[in-house]
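Below is one structure, written out as structure tokens; the observations come after it.
The values are calculated or read from the model by the stated rules, or taken from the named source; none is laboratory data. A quick note: this is a predicted structure, and the numbers were derived from the prediction, not measured. Cβ coordinates were reconstructed from backbone atoms using ideal geometry, including for glycine residues, and neighbour counts include every protein chain displayed.
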Amino acid sequence: MATTKAIRYETMNIILENLESALQQGLEAVKTAGAIADVEKIRVDFLGRKGSISTNMKGLGKLPPDQRPAVGKTANQVKEKLAEAISERIRELRESASATGIDVTLPGRRRGIGRKHPITQVIDDAVDIFRRLGYIVVDGPDLEDAYHNFDALNTPPDHPSRDAQDTFYLPDGRLLRTQTSPVQIRIMENQKPPVRIVAPGRCYRRDTPDATHSMNFHQIEGLYVDRHVSLAQLKGTLLTFAHEMFGPDVQLRFRPHFFPFTEPSLEYDFSCVNCSGKGCSICKQSGWLEISGAGMVDPAVFSHVGYDAEHYTGFAFGMGIERLAMIRYNIPDIRLLYENDIRFLQQF
């Protein structure tokens, strides 16, 4: 049977071993610490009121009086060594920061996650709305030929939009598309009815940039072709879009117009989202905001793609993305959308 004295010495030895182990662990942790904040955490973990040293010293009061001085002396030595190592490591880190010009002791800076540009946001929201209505998203080339951009869309050779003052032509006769409507022709050339598509994309025109015009802008074009497609369905589609994009109280109105590729043709307006149709400076006291054009597809367009106009009808519509963004976010000048001013973009 072990004597009481042997048990007490065994207890003292355990405390001393634990203190030595804590010292070695602390020194190793301090040596590898890469920031002052890490060193401070090590100090708390080992030298704090609830740290390793204090925890190991809780058994000191159970030791005989003659053993306590030796344990206390060892504990003080461990504390001193750790404190010196901590101070030295902090000095090294500060000197390193001073030499490189970079304060490595500072916490890391989180890189902010980018946000969608308002044009991109409106395109994504518009596409989501039309997808819920059963439309498929398609795309086409920005660099077009005159046939798909004009001829197949029933635009005569003497139409003003074909003039070089309005359209960007290349030396080989190709052009930068003036609208997203050529995508309709390309899809119908390769797909039999029914067709239900939307085509968002860039367009280009020789406009003088001002608060409401740009030489480079975005449109989203829609086309629905099937048997018995009607103008009433067009109105229902556009009204649903208006409610989804701007709110359930927005109203829609049609106005007669002319486009070479639709018959009948019309322009459509949404009631002003700022004044709810009462009249304000944004809608010029009219209560309405002009959006874009639409209409029933002209049979002459069907003849270019081989559709039988006796059996199929369809409607097409288009709208400017920048126009929608300006209305939605109350942006007074289209040029703000292209200047990449961080103060402006941070609002979205």
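Among the listed residues 58, 79, identify the single one that is surrounded by fewer than 16 Cβ atoms within 10 Å (Cβ to Cβ) and part of a helix (DSSP H, G or I).
It is 58.
Out of 321, 327, 282, 331, I need the residue that is among the aliphatic types (A, V, I, L, M), free of Cβ contacts under 8 Å to residues at least 60 places away in the same chain and assigned by TED's automatic domain parsing to the domain that holds residue 222. Which one?
282
Residues in region 200-208: is at least one farther than 20 Å from residue 329 by Cα, of a type outside the set (D, E, K, R), in contact (Cβ under 8 Å) with a residue 60 or more places away in the chain and assigned by TED's automatic domain parsing to the domain that holds residue 141?
Yes, some residue in region 200-208 is farther than 20 Å from residue 329 by Cα, of a type outside the set (D, E, K, R), in contact (Cβ under 8 Å) with a residue 60 or more places away in the chain and assigned by TED's automatic domain parsing to the domain that holds residue 141.
Report, by residue number, each residue of region 13-50 that is among the polar types (S, T, N, Q) and either more than 23 Å from residue 92 (Cα to Cα) or in a loop (DSSP other than H, G, I, E, B) (or both).
13, 18, 21
So is residue 266 touching a Gly at 6+ places or on another chain (Cβ under 9 Å), under 14 Å from residue 319 (Cα atoms), crowded, with 19+ Cβ neighbours inside 10 Å and free of Cβ contacts under 8 Å to residues at least 40 places away in the same chain or not?
Taking the combined requirement at face value, the residue satisfies it.
Keeping to region 78-112, report how many residues are at pLDDT 75 or above and under 30 Å from residue 339 (Cβ atoms).
3
Of 249, 226, 210, which residue is at pLDDT 95 or above and either surrounded by fewer than 15 Cβ atoms within 10 Å (Cβ to Cβ) or within 17 Å of residue 123 (Cβ to Cβ) (or both)?
None of the other options fit; the residue is 226.
Pull up region 146-175, narrow it to residues that are crowded, with 18+ Cβ neighbours inside 10 Å and free of Cβ contacts under 8 Å to residues at least 60 places away in the same chain, then point me to the one that is nearest to residue 259 (Cα to Cα).
150
Say whether the condition of being free of Cβ contacts under 8 Å to residues at least 40 places away in the same chain and assigned to a strand (DSSP E or B) is met by at least one residue in region 176-187.
Yes, that holds for at least one residue.
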